[in-house]
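Asker: Below: one structure in structure tokens.
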């Protein structure tokens, strides 16, 4: 078991997501950065969709109640015990009674901590992903105890595995992400479309797991009429009347009535998720569905084959 | 609609007929799902099919859906359920009732009668888990949304805006006119049927004291 001693920001349990309930208005939730979440699970020998901790814009201190293998991933965070600071994207052992701390060190928004065996918190509507707004799991606070499942191998085998550096996504505070043009192109003026595809946008507050607000040259609309609500997907870039885009993220509404100028490719959603607030810039580049799907599959392939066993003195010392 | 969802639009026919077809198609697709298709979301004139691009390509999903569009009969939809919703109107249970009556030139009793005499259809669920968009509201009751939303409307609140009426399943901010309250629980994740309503259900409000 893993016990939360202290948390700041948004610390939640997230698995691969909650599916099958969108028609009732329940968003899929799941990780903001699916790449980092999946990598953390792979590093500790879990199925890719296992439940792990997500730390957003904050920090957490945990107490291990037994020997565990952990791996932390993400951007802008550090993971440490009283004695050691461990690299991200690498699995390591903590012993019963040790505390583990994850805190922020630089730009980047989300970190993941996977435990060999996965977190076995309560399943609601078929998932452990927290969606606090609807009472489906809650943000974690001091005193919460998280049950851990059975690891897939011995702790010795699962420790000191690392993701090769060349397999990491090109996380950066200045990014260009692929988007597939959205279904409502004719709602925007030519100037509006040009602004969206050719000028940079900054991430501003309030942004959270529901949506990322962008600020830049307004995406002008030719038609101000409201559209009938329709199904939305994570990554949908909605444009309200003021022309400042909002990207729907993991907890985003399942339906919406704002026109969608584009949808961010899955392969690039992690880059957007980690874009720093008020300090970074994102540009959008049009791509095709086929190209976006091919990139996504290639990333999954890389990730599932990129875990290496690290031979280092630290491992032998344990 | 991006690399993980297919969006179908049927813009031509009147909305109610399209909706019945969309629900029938959604039912047909979910009754015999293609592995890798996660779920479908029917709305007013569109149906979105969410799928896993690790398992399916866009073209596979398109041809799977296309094959089934032709087979949709309106009768293939699940027969609509009829659900009666008891509502306490006005007072603390519906603090906007007086203002709605004033703005529409009706008495509160007339407004209640108009709201409760209609059988509504659940067009879609969204905004919050289990929030039903119900239509269509009688013309005499149609008002724009409140100028400023309330920061919190309690679960069970019945509200109207534009041509629609709805019920808040959980405590939420609310921009609609809050006219009543129902003791029914719309959403309970630990219940066998977590949601009271599904798209296509028919709903009638029954005034209670």
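Asker: Give the span of region A:30-136's Cα atoms along each principal axis, as three whole-Å numbers ordered largest to smallest.
Answerer: 40, 32, 23
Asker: Normalised by the number of residues in region A:12-123, what is the relative contact order in percent for Cα pairs under 8 Å and 6+ residues apart?
Answerer: Details: 265 pairs, mean separation 35.2, N = 112.
After rounding, I find 31 percent.
Asker: Follow-up. Hey, what's the per residue convex hull volume over the C-alpha atoms of chain B, in cubic angstrom?
Answerer: Numbers: hull volume 29.9 nm³, N = 209.
Value for chain B: 143 Å³ per residue.
Asker: Ranked from highest to lowest mean number of other Cβ atoms within 10 Å per residue, what is the order of the peptides B:121-130, B:169-178? Before the final figure, lay out the partial values.
Answerer: Working: B:121-130: 24.9, B:169-178: 19.7.
Highest-to-lowest ranking by the protection proxy: B:121-130, B:169-178.
Asker: Something else now. I'd like the distance between the alpha-carbon centres of region A:264-278 and region A:205-224, rounded to an integer number of Å.
Answerer: 15
Asker: So what is the relative contact order of region A:174-287, in percent, for Cα pairs below 8 Å that sit 6 or more residues apart?
Answerer: Numbers: 269 pairs, mean separation 47.5, N = 114.
Computed value for region A:174-287: 42 percent relative contact order.
Asker: Still on this model: Choose one answer from B:120, B:44, B:133: the residue with the largest mean-square fluctuation in a GNM of chain B with alpha-carbon springs under 10 Å.
Answerer: Checking each option, the largest mean-square fluctuation is seen for B:44.
Asker: Something else about it: Take every Cα-Cα distance within region A:92-244, group them into 5 Å bins from 0 onward, and report for each bin the whole-number percent of pairs it holds.
Answerer: Cα pair-distance distribution for region A:92-244, in percent: 2, 6, 10, 14, 14, 13, 13, 11, 7, 6, 3, 1, 0.
Asker: Under a point spin-label approximation (7 Å from Cα along Cα-to-Cβ), what is the residue B:34-residue A:1 distance to one decimal in nm?
Answerer: Label-label distance for residue B:34 and residue A:1, simple model: 4.7 nm.
Asker: Run lengths n ≥ 4 of DSSP H only: what is the helix-derived mean residue ellipticity at 222 nm for the protein assembly as shown, with -39500 (n - 2.57) per run over all residues, to the nearest 500? Don't jump to the answer; show the numbers that get you there.
Answerer: Details: 10 runs with 97 residues, N = 527.
Here the helix-only value at 222 nm equals -5500 deg cm²/dmol.
Asker: How are the Cα pair distances of region A:144-195 distributed, in percent, across 5 Å bins from 0?
Answerer: 4, 10, 11, 10, 10, 10, 9, 11, 7, 8, 8, 2
Asker: Continuing with this model, one more query. Enter the mean number of other protein chain beta carbons within 10 Å of the beta carbon of each residue in A:123-134, as an integer. Before the final figure, lay out each step's value.
Answerer: Values: counts 1, 3, 5, 1, 0, 0, 0, 0, 2, 0, 5, 8.
Going residue by residue through A:123-134 and averaging, the value is 2.
Asker: Plugging the Kirkwood radius over Cα pairs into Stokes-Einstein for the protein assembly as shown, at a temperature of 20 °C and a viscosity of 1.002 mPa s, what D comes out in µm²/s? Show your work: numbers first, answer last.
Answerer: Values: Rh = 24.5 Å.
So the translational diffusion coefficient is about 87 µm²/s.
Asker: Let me ask something additional. In whole Å, largest first, what are the principal axis extents of the Cα atoms in region B:133-209?
Answerer: On the principal axes, region B:133-209 reaches 37, 28, 28 Å in Cα extent.
Asker: Quick one: A:261, A:204, fewest Cβ neighbours within 10 Å first, how do they rank? Display every interim value, and only then the final one.
Answerer: Numbers: A:261 26, A:204 14.
Going from sparsest to densest Cβ surroundings: A:204, A:261.
Asker: Same structure, new question: Would you kindly state how much longer the chain becomes between residue A:241 and residue A:82 on full extension, computed as 0.36 nm times their sequence separation minus their alpha carbon distance, in nm to one decimal? Walk me through the intermediate numbers first.
Answerer: Details: separation 159, 0.36 × 159 = 57.24 nm, distance 5.12 nm.
Going from the current span to full extension adds 52.1 nm.
Asker: For region B:5-76, calculate the relative contact order in percent as a whole number, restricting contacts to Cα pairs under 8 Å that are 6 or more residues apart.
Answerer: Values: 91 pairs, mean separation 29.2, N = 72.
Rounded, it is 41 percent for region B:5-76.
Asker: So what's the gap between the Cα centers of region B:85-164 and region A:55-75, to the nearest angstrom?
Answerer: About 46 Å separates the Cα centre of region B:85-164 from the one of region A:55-75.
Asker: Taking every DSSP beta bridge that has both residues in chain A, what percent is antiparallel when rounded to the nearest 5? Please list the in-between numbers first.
Answerer: Details: 62 of 69 bridges.
Given both bridge residues lie in chain A, the antiparallel proportion sits at roughly 90 percent.
Asker: Let me understand region B:5-76 better: what is its radius of gyration from the alpha carbons, and its Dmax, in angstrom?
Answerer: In Å, with Rg to one decimal and Dmax whole: 11.7, 37.
Asker: Consider just the alpha-carbon atoms of region A:174-287 and return their Rg together with their Dmax, both in angstrom.
Answerer: When restricted to Cα atoms, region A:174-287 yields Rg and Dmax of 12.6, 35 Å.
Asker: Sticking with this one: Given a Förster distance of 30 Å, report the FRET efficiency between residue B:192 and residue A:154 from their Cβ-Cβ distance, rounded to the nearest 0.05. Don't skip to the answer; put the middle values down first.
Answerer: On the way: r = 40 Å, r/R0 = 1.35.
According to the calculation, E is roughly 0.15.
Asker: Okay, moving on. In whole Å, what is the distance between the alpha-carbon centres of region A:109-173 and region A:1-47?
Answerer: Going from one Cα centre to the other spans 6 Å.
Asker: Give me the one-decimal nm value for the distance between modelled label points at residue A:107 and residue A:122, 7 Å along each residue's Cα-to-Cβ direction.
Answerer: Simple spin-label model gives 4.1 nm for this pair.
Asker: Taking every eigenvalue of the Cα gyration tensor of region B:105-158, multiplying by 5 and rooting it, what semi-axes result, largest first, whole Å? If you can, show how the numbers build up before the last one.
Answerer: Working: eigenvalues 86, 54, 24 Å².
Listed largest to smallest, the semi-axes of region B:105-158 are 21, 16, 11 Å.
Asker: Report, in cubic angstrom per residue, the convex hull volume of the C-alpha atoms of region B:39-92.
Answerer: Once divided by residue count, the hull of region B:39-92 is 165 Å³.
Asker: Something else: Using a Gaussian network model of chain A with C-alpha springs under 10 Å, which one of A:193, A:42, A:150 is most mobile by mean-square fluctuation?
Answerer: Fluctuation is largest for A:150.
Asker: Among DSSP beta bridges whose residues both lie in region A:174-287, state the antiparallel percentage, nearest 5.
Answerer: Just about 70 percent of them are antiparallel.
Asker: Report the antiparallel proportion of the DSSP beta bridges in chain B as a percent, rounded to a multiple of 5. Intermediate results must be reported in sequence, preceding the final value.
Answerer: Details: 31 of 37 bridges.
Expressed as a percentage, antiparallel bridges in chain B total about 85.
Asker: Take chain A, connect every pair of alpha-carbon atoms lying under 10 Å apart with a spring to form a Gaussian network, then pick out the residue of A:285, A:161, A:266 with the largest mean-square fluctuation.
Answerer: Checking each option, the largest mean-square fluctuation is seen for A:285.
Bear in mind these aren't lab numbers, they're just calculated from the coordinates by the rules spelled out. Since the model is a prediction, treat every value here as computed from it, not as a measurement. Here the Cβ is made from the backbone with ideal geometry for all residues, glycine too, and neighbour counts use every protein chain on show.
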